[in-house]
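Let me begin by handing over the structure; questions about it come next.
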Amino acid sequence: MSTLKAEIQSPPVYNMERQSAFSIGHAFAEVIKTILTYALLCIMAVFVISPIVWIIGASFNNASSLLSATAIPKNPTISHYVELFTETKFPYWYANTFKIACINMVVSVILSMLTAYVFSRFHFVGKKAGLLSILILQMFPSFMGMMALYNILWQLNLLDTHLGLILTYAVGQIPYNTWLIKGYLSSIPKSLDEAAKLDGASSTRIFIQVIFPLSKPILTFVALSQFMAPWMDFIFPRLILSSSKKMTLAIGLYDMIAGDTNNNFTTFAAGAVLVAVPITILYVCLQKYLIQGIMAGANKA
Amino acid sequence: MKKSTRAGIMSAVVWGSGQLANGQWAKAIIFFAGQIMLLFCFPSVCDGIYGLVTLGETKMVINGSKVTMGDNSIILMIFGILWLFVAVAFLLLYIFNIRDAVKNGRLRDAGKKPLRFKEWWSKITDRSFPYFVLLPTIILVFVFVVLPILFGFLIAFTNYSAPDHLPPKNLIDWVGFQNFADMFRLPMWNDTFGGVLLWTVIWAVVSTFTCFFGGLLMACLVNSRRVRFKRFWRSIYILPWAMPGMVSLLIFRNMFNGQFGPINTFLRQANIIEQNIPWLSDALMAKIVIFIVNFWLGFPYFMAMMTGVMTSIPSELLEAARIDGATAKDEFRKITLPLVLYSTAPLLIMSFAGNFNNFNVIYFLTNGNPINPSYKFAGSTDILITWIYKLTKDNRQFQMASVMSILVFVVIASISTFNFLRTRAFKEEDMMG
């Protein structure tokens with residue numbers, strides 16, 4: 001939302017002068033209200049930040065158990081970060097997740113974009129039926145076909161492969177993403193295409209030079225959400241991947257503290273920090289596109 | 001006999017022969033090739049559909065160390081669905097073949113000439129561009145989305161479950177609506193379903209509304225005229241949204257650990273409590289913790305969206321209101337708030353649907369625990385989706401998981417349909433355009 005930036009540059013100015021009765025009592029009430037506002041802001045800030053501070057602190061703790069993991073470490077150490085790389089398969093998980101996230105992003109953006117383009121710009125037999133199926137398919141919870149998917153991947157020899165997982169993610173989201181992008185493309189005037197066509201551009205050229213650049217905001221949103229999915233998803237990697245070298249971060253981190261022993265806690269903390277920091281930065285930087293995309297989805301989905 | 005009737009009958013017997021009579025040899029070859037392919041596929045199609053109907057007949061036999069493989073009902077079912085679709089595709093091709101022969105026969109009856117190969121070919125290639133682009137997507141979506149969904153749906157009508165009906169060791173059979181009847185009649189299933197459903201609805205409603213109004217409150221606070229450094233505050237509150245949810249949830253799971261968790265440790269050291277609070281091992285307490293943690297995770301999303309709406313209100317509108325003598329309070333109540341609520345209402349509905357199926361929060365925070373002895377395969381904080389997951393992964397009650405999935409789908413689909421019906425996309429005449 002471009003206006004978000006505008007607001008930051010020029011906060012709304014409220015005209016105080018029009019409030020005629022400016023008594024001392026009124027001013028006092030204003031001060032109290034301001035104090036209350038800031039108090040509430042601070043309480044919420046503490047509420048929001050304390051888990052984050054604690055996990056960062058815990059990751060630098062000397063001991064390894066949950067009990068001794070304090071927010072302010074007594075003898076700070078980076079040994080747990082070292083452990084992650086020497087004693088666990090963390091580097092593999094990280095690389096796997098990153099690889100899956102990138103390929104998933106590229107594949108699903110291309111497939112959904114092409115599908116959405118065809119549905120928004122061409123007339124063909126079966127278009128209505130196709131759109132209706134997309135609409136219905138995107139309502140099904142993705143886990144519903146879990147068992148069948150397992151068996152299908154088994155028959156295709158794709159169990160315990162990253163390709164199987166990528167296909168599951170990328171294809172599973174095609175219906176939803178197509179619907180989202182199609183909604184956006186429909187708001188781009190068709191006269192633009194027609195003008196380009198009159199100038200002699202082919203369908204492919206119109207797509208690459210006219211439609212594609214105009215749909216960048218929604219594509220950024222789709223790309224980002226597809227990139228994020230593998231970092232958080234647990235169900236499908238657990239279903240499809242079995243060897244520990246091929247796992248993704250979600251599974252690896254979960255298994256680290258799944259037992260009740262909690263002896264790996266600080267190592268988990270270090271891993272959590274290493275995962276959370278880049279993702280958080282990415283999110284904060286791209287929040288403009290996220291907000292835009294979500295609002296577009298809400299109004300057009 | 002009319003030429004159209006004759007061509008139709010010819011094509012009905014030998015595919016493409018009618019087209020040949022119409023003088024369209026290229027089409028004739030294509031349709032005839034279709035028939036040849038059908039002849040090749042026919043045994044597989046029959047086997048596939050037969051397998052789908054019977055779900056296998058020979059059991060695996062274990063004789064000492066010698067294992068004779070039997071039929072695998074699951075594989076038979078998946079391939080059965082696949083071959084059924086192939087059969088439907090052939091049927092459509094067959095009908096198309098006859099209709100095409102009749103259509104061009106009519107042209108000849110009327111004394112016109114059917115399209116020549118070159119004209120027909122250019123017409124086909126021109127029109128088939130969309131299909132050409134869509135083909136890979138259609139195949140992928142069919143294999144990875146449609147097929148699994150159909151399979152998941154059909155499982156509800158079989159007895160696919162542990163311990164006696166697990167392929168490849170055993171066969172599974174069709175049981176009709178037996179599972180639905182069990183779900184609603186057997187007290188064990190019925191009680192669990194009722195209890196889990198009730199908690200799922202409470203969870204979805206409360207979690208959605210706490211986050212929505214929490215987000216609204218924070219958006220108003222941060223954007224209020226009293227607050228300075230808006231950007232600084234906003235950056236803090238946005239953090240839970242930006243952090244990977246799973247990581248946050250696992251962190252909370254440890255913070256609320258009853259024995260070793262830092263919250264209990266802190267409270268004990270501060271002499272506020274003497275005994276550890278069973279945050280996650282007491283059913284009611286666990287539910288409260290779930291709401292608190294979900295609030296932490298969820299309010300920033302709404303805050304971000306609402307801030308977006310608030311800052312996009314045109315300043316002329318507010319100025320006009322001010323000129324008309326509106327106070328800051330009026331401005332907020334009559335302009336800002338209605339606009340925010342209006343544009344975030346769809347998010348509220350979507351978020352409700354999302355929470356209904358919020359696997360992560362429940363599974364990572366409590367795992368559905370504490371255990372509830374009166375439930376079948378479910379804990380006190382399990383919602384439908386985590387129960388389905390446990391039924392599938394841990395207990396292999398696939399048939400019941402499938403019944404439940406269908407029920408969840410009905411709920412989600414009704415919400416989505418309701419949401420869709422009131423959107424612009426539907427109201428616009430060009431909805432499908």
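The values are calculated or read from the model by the stated rules, or taken from the named source; none is laboratory data. Keep in mind that what you see is a predicted model, and the values were worked out from it rather than measured. Every residue, glycine among them, receives a Cβ derived from its backbone with ideal geometry; neighbour counts consider all protein chains shown.
Do we find that residue B:295 is surrounded by fewer than 20 Cβ atoms within 10 Å (Cβ to Cβ), assigned to a helix (DSSP H, G or I) and at pLDDT below 85 in this structure?
no
Next up: Restrict the check to the range A:285-299 and report whether at least one residue is at pLDDT below 85, surrounded by fewer than 20 Cβ atoms within 10 Å (Cβ to Cβ), assigned to a loop (DSSP other than H, G, I, E, B) and more than 10 Å from every other protein chain (Cβ to nearest Cβ).
Within the range A:285-299, not a single residue is at pLDDT below 85, surrounded by fewer than 20 Cβ atoms within 10 Å (Cβ to Cβ), assigned to a loop (DSSP other than H, G, I, E, B) and more than 10 Å from every other protein chain (Cβ to nearest Cβ).
Look through the range A:223-275, keep the residues that are at pLDDT below 85 and facing another protein chain (nearest Cβ under 10 Å), and return whichever of them is surrounded by the most Cβ atoms within 10 Å (Cβ to Cβ).
For the range A:223-275, the residue satisfying everything is A:265.
Given (1) within 12 Å of chain A (Cβ to nearest Cβ); (2) surrounded by 18 or more Cβ atoms within 10 Å (Cβ to Cβ); (3) under 30 Å from residue A:281 (Cβ atoms), identify the lone condition not met by residue B:289.
The single condition residue B:289 does not satisfy is (1).
Here is a further query. Testing residue B:155 on (1) closer than 23 Å to residue A:119 by Cα; (2) facing chain A (nearest Cβ under 8 Å); (3) of a type in the set (A, V, I, L, M), one condition comes back false. Which one is that?
Against the list (1) closer than 23 Å to residue A:119 by Cα; (2) facing chain A (nearest Cβ under 8 Å); (3) of a type in the set (A, V, I, L, M), residue B:155 comes up short only on (1).
Does at least one position in the range B:249-261 carry a residue that is assigned to a loop (DSSP other than H, G, I, E, B), hydrophobic (A, V, I, L, M, F, W, C) and surrounded by fewer than 20 Cβ atoms within 10 Å (Cβ to Cβ)?
There is at least one residue in the range B:249-261 that is assigned to a loop (DSSP other than H, G, I, E, B), hydrophobic (A, V, I, L, M, F, W, C) and surrounded by fewer than 20 Cβ atoms within 10 Å (Cβ to Cβ).
A further question follows. Quick check on my filter: what residues within the range B:183-217 are under 17 Å from residue B:378 (Cα atoms) and crowded, with 16+ Cβ neighbours inside 10 Å?
Correct list: B:183, B:189, B:192, B:193, B:195, B:196, B:197, B:199, B:200, B:203.
Just one of B:157, B:151, B:117, B:129 is more than 15 Å from residue B:81 (Cα to Cα) and surrounded by 14 or more Cβ atoms within 10 Å (Cβ to Cβ); which is it? Quick ask: steps written out before the conclusion?
Details: B:157 fails: more than 15 Å from residue B:81 (Cα to Cα); B:151 fails: more than 15 Å from residue B:81 (Cα to Cα); B:117 fails: surrounded by 14 or more Cβ atoms within 10 Å (Cβ to Cβ).
Sole residue among the options that is more than 15 Å from residue B:81 (Cα to Cα) and surrounded by 14 or more Cβ atoms within 10 Å (Cβ to Cβ): B:129.
When only residues in the range B:393-418 that are among the polar types (S, T, N, Q) and within 21 Å of residue B:181 (Cβ to Cβ) count, which is nearest to the other protein chains (Cβ to nearest Cβ)?
Among those that are among the polar types (S, T, N, Q) and within 21 Å of residue B:181 (Cβ to Cβ), it is B:405.
Picking from A:43, A:103, which residue would you name as being among the β-branched types (Val, Ile, Thr) and exposed (fewer than 15 other Cβ atoms within 10 Å of the Cβ)?
One residue alone meets the criteria, A:43.
Would you please list the contacts, defined by Cβ atoms under 6 Å and residues six or more apart or on different chains, that run from a residue in the range A:76-89 that is farther than 20 Å from residue A:251 by Cβ to a residue that is among the hydroxyl-bearing types (Ser, Thr, Tyr) and surrounded by fewer than 17 Cβ atoms within 10 Å (Cβ to Cβ)?
If the second residue must be among the hydroxyl-bearing types (Ser, Thr, Tyr) and surrounded by fewer than 17 Cβ atoms within 10 Å (Cβ to Cβ), no pairs are left.
Can you pull out the residues in the range B:274-289 that are within 17 Å of residue B:196 (Cα to Cα) and under 30 Å from the mean Cα position of the chain (by Cα)?
Hits for the range B:274-289 are B:283, B:286, B:287, B:288.
Something else about it: Condition (residue is in contact with a helix residue (DSSP H, G or I) (Cβ under 9 Å, 6 or more places away or on another chain) and either buried (at least 19 other Cβ atoms within 10 Å of the Cβ) or not acidic (Asp, Glu) (or both)) applied to the range B:58-67: is it met by at least one residue?
No - not one qualifying residue is present in the range B:58-67.
Could I ask something else about it? Working only within the range A:123-133, note down all residues that are within 26 Å of the chain's Cα centre (by Cα) and either at the interface with another protein chain (Cβ under 7 Å from one of its Cβ atoms) or buried (at least 22 other Cβ atoms within 10 Å of the Cβ) (or both).
Residue satisfying the conditions is A:131 alone.
Per-residue answers, yes or no, for (1) more than 24 Å from the chain's Cα centre (by Cα); (2) more than 14 Å from chain A (Cβ to nearest Cβ); (3) among the aromatic types (Phe, Trp, Tyr):
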position	(1), (2), (3)
B:124	yes, no, no
B:128	yes, no, no
B:138	no, no, no
B:150	no, no, no
B:196	no, yes, no
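Follow-up question, since we're still on this one. Report every pair of residues separated by at least 6 positions or lying on different chains whose Cβ atoms are under 7 Å apart, first residue within the range A:138-163 and within 17 Å of residue B:151 (Cα to Cα) and touching a residue at least 12 places away in the same chain (Cβ under 8 Å), second buried (at least 20 other Cβ atoms within 10 Å of the Cβ) and among the aliphatic types (A, V, I, L, M).
A:146/A:239; A:150/A:239; A:153/A:240
Something else: Pull up the range B:342-387, narrow it to residues that are of a type in the set (A, V, I, L, M) and without any contact (Cβ under 8 Å) to a residue 24 or more places away in the chain, then point me to the one that is surrounded by the fewest Cβ atoms within 10 Å (Cβ to Cβ). Walk me through it before giving the result.
Of the residues in the range B:342-387, the ones of a type in the set (A, V, I, L, M) are B:345, B:347-350, B:353, B:361-362, B:365, B:371, B:378, B:383-385.
Right, trim to without any contact (Cβ under 8 Å) to a residue 24 or more places away in the chain and you get B:345, B:371.
Working: B:345: 14, B:371: 12.
This residue is B:371.
Moving on. Give me the residue from the range B:89-106 that is touching a residue at least 60 places away in the same chain (Cβ under 8 Å) and of a type in the set (A, V, I, L, M) and, out of that set, surrounded by the fewest Cβ atoms within 10 Å (Cβ to Cβ).
B:93
Can you find a residue that is in a helix (DSSP H, G or I) and either touching a helix residue (DSSP H, G or I) at 6+ places or on another chain (Cβ under 9 Å) or more than 11 Å from chain A (Cβ to nearest Cβ) (or both) anywhere in the range B:266-279?
Yes, the range B:266-279 has at least one match.
Please find, among A:120, A:112, A:108, A:142, the residue that is small (Gly, Ala, Ser) and more than 9 Å from chain B (Cβ to nearest Cβ).
After applying the criteria, what remains is A:108.
So which of A:125, A:46 is at pLDDT 90 or above and among the aliphatic types (A, V, I, L, M)? Give the steps one after another, and end with the answer.
Numbers: A:125 fails: at pLDDT 90 or above.
On inspection, the qualifying residue turns out to be A:46.
Separate question: Has the range B:93-113 got any residue that is aliphatic (A, V, I, L, M) and within 21 Å of residue A:118 (Cβ to Cβ)?
No - not one qualifying residue is present in the range B:93-113.
Taking the range A:112-154 only, how many residues are among the polar types (S, T, N, Q), part of a helix (DSSP H, G or I) and under 30 Å from residue A:188 (Cα atoms)?
Residues that pass the stated criteria total 4.
What is the residue count in the range A:18-46 for residues that are closer than 19 Å to residue B:235 by Cβ and at the interface with chain B (Cβ under 7 Å from one of its Cβ atoms)?
So the count comes out to 5.
Sort out which residues of the range B:45-68 are assigned to a loop (DSSP other than H, G, I, E, B) and in contact with a strand residue (DSSP E or B) (Cβ under 8 Å, 6 or more places away or on another chain), and write them in order of number.
B:55, B:60
Any idea which of (1) within 13 Å of chain B (Cβ to nearest Cβ); (2) modelled with pLDDT of 85 or more; (3) over 20 Å from the mean Cα position of the chain (by Cα) is the one residue A:212 doesn't satisfy?
For residue A:212, the exception is condition (1).
Turning to a different aspect of this structure: Part of a helix (DSSP H, G or I), more than 12 Å from chain B (Cβ to nearest Cβ) and touching a helix residue (DSSP H, G or I) at 6+ places or on another chain (Cβ under 6 Å) - does that describe any residue in the range A:181-191?
Checked the range A:181-191: at least one residue is part of a helix (DSSP H, G or I), more than 12 Å from chain B (Cβ to nearest Cβ) and touching a helix residue (DSSP H, G or I) at 6+ places or on another chain (Cβ under 6 Å).
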